[in-house]
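Taken together, the values in this text are just the output of simple stated rules run on the coordinates, not laboratory data. None of these values were measured; they are calculated from a predicted model.
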């Protein structure tokens, strides 16, 4: 019987062949969903990592460097910039 912690369906199971020739099951956590903009489009430049792995990345690898990077997609941020320019 497998360990109780590994019985959860939130873990992904993969069958691996070990050097000894046996087939064993490896358990790993699934990737989270893609980060999305408020309009529903997936955000480019944001990796699909678990929070503990995401925390280890440098700030430049976590999100794009442009304004609203990591919150809005490029299309939505472009519209906001246009509105700001019109107000001036």
Taking only Cα atoms, what is the 0 to 90° angle, nearest 10, from helix 74-87's long axis to the longest principal axis of the chain? 20
Quick one: among 32, 47, 19, which has the greatest mean-square fluctuation in a GNM of the chain with alpha-carbon springs under 10 angstrom? 19
Checking the a/c ratio against 1.5 first, then a/b against b/c, what shape does the Cα gyration tensor give for the chain? prolate
Determine the relative contact order of the chain: mean sequence separation of Cα pairs under 8 Å and six or more apart, normalised by residue count, in whole percent. 19
When the chain is treated as a GNM, springs tying every alpha-carbon pair under 10 Å, which of 55, 75, 17 comes out with the largest mean-square fluctuation? 17
Give the shape of the range 1-40 as rounded, prolate or oblate, defined through the alpha-carbon gyration tensor: a ≥ b ≥ c are the square roots of its eigenvalues, a/c under 1.5 means rounded, and otherwise the shape is prolate if a/b is larger than b/c and oblate if not. oblate
